[in-house]
Structures are given as structure tokens and as C-alpha cells.
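Asks: I have a structure here, written as C-alpha cells, and I will follow up with some questions on it.
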């Protein structure tokens, strides 16, 4: 039995036009990582055609490490869930992350982009390494 036969046509068309509650979804996904959830701010903006959605998230700078996670795993998982919801609604989503003072700290716009922390450059030791020893035959 297909969905279109069991659901009246007006209800079926409204199911496809429904847009996910991005603000509620982002709050649900991000708040468990925050020590100061009262500082979380989520803003959602849709284009006129309702095909593109921009989500802006701001939280306390001290919570940034927990939200992003080791290697960016947490924010990647959050982005994946949001993109899945948008794809189900026939939309594309862009996620911008700001610190609580309003400065942009990270933009996650490219689908499947790799986030995460960058490694610090390697530093040289002050003591020189001994020269390699070669065996004579």
C-alpha cells in the first residue's frame, strides 16, 4: 500500500512541504555538550524558495572543545543529522558556528567537509640526534 493511496492528497502534499524544526533539532543535539546551555543561541533562516537553510549557532567559548569533540567528531555528527533532516525535506543546509560574543569561529557549509582540530607544528629537540651507525661488511 503506497502512502499516496492511504493519505488524502492535501495531507500528502503538506507532508512534502513541511520543514524540520531546525532550531529545536540543533538545541537537542548541542545542549548536552554545554556547561552553560542558557548561553546557546540558535537562529534559522530560510531562502525564499525554501530550498536553502542557514543555521547560526552561538555558545560560550569555553564549551567549544566539547561541542566540536576530538578531531571534530561531535560537530561532524551534528552536521550529519541536520543534513539528513534537510535532505528528507528536499533542502540543503549550511551551519555557521559563532562564539557567544558574536565572532565567527567556524563555518561548516560544505557537505561532507572535514572539521576538527589542526595539529601543532612539530618542534625540534634542543639536543641533536646521534648519527646513524652503519655496519661494515
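What follows draws every value from the coordinates through simple rules; no lab data is involved. None of the values given here were measured: they were computed from a predicted structure. All Cβ positions, even for glycine, are placed from backbone atoms using ideal geometry, and neighbour counts span all protein chains on display.
Asks: Mind listing whichever residues of the range 65-84 are surrounded by 17 or more Cβ atoms within 10 Å (Cβ to Cβ) and either more than 10 Å from the chain's Cα centre (by Cα) or without any contact (Cβ under 8 Å) to a residue 60 or more places away in the chain (or both)?
Replies: Scanning the range 65-84 gives 67, 68, 69, 72, 74, 75, 76, 78, 79, 83.
Asks: Now, a different point. If I ask for residues that are part of a helix (DSSP H, G or I) and exposed (fewer than 13 other Cβ atoms within 10 Å of the Cβ), which ones from the range 15-30 would you list?
Replies: 15, 16, 17, 24, 28
Asks: Counting only residues that are without any contact (Cβ under 8 Å) to a residue 24 or more places away in the chain and surrounded by 14 or more Cβ atoms within 10 Å (Cβ to Cβ), which one in the range 32-64 is farthest from residue 86 (Cα to Cα)?
Replies: 37
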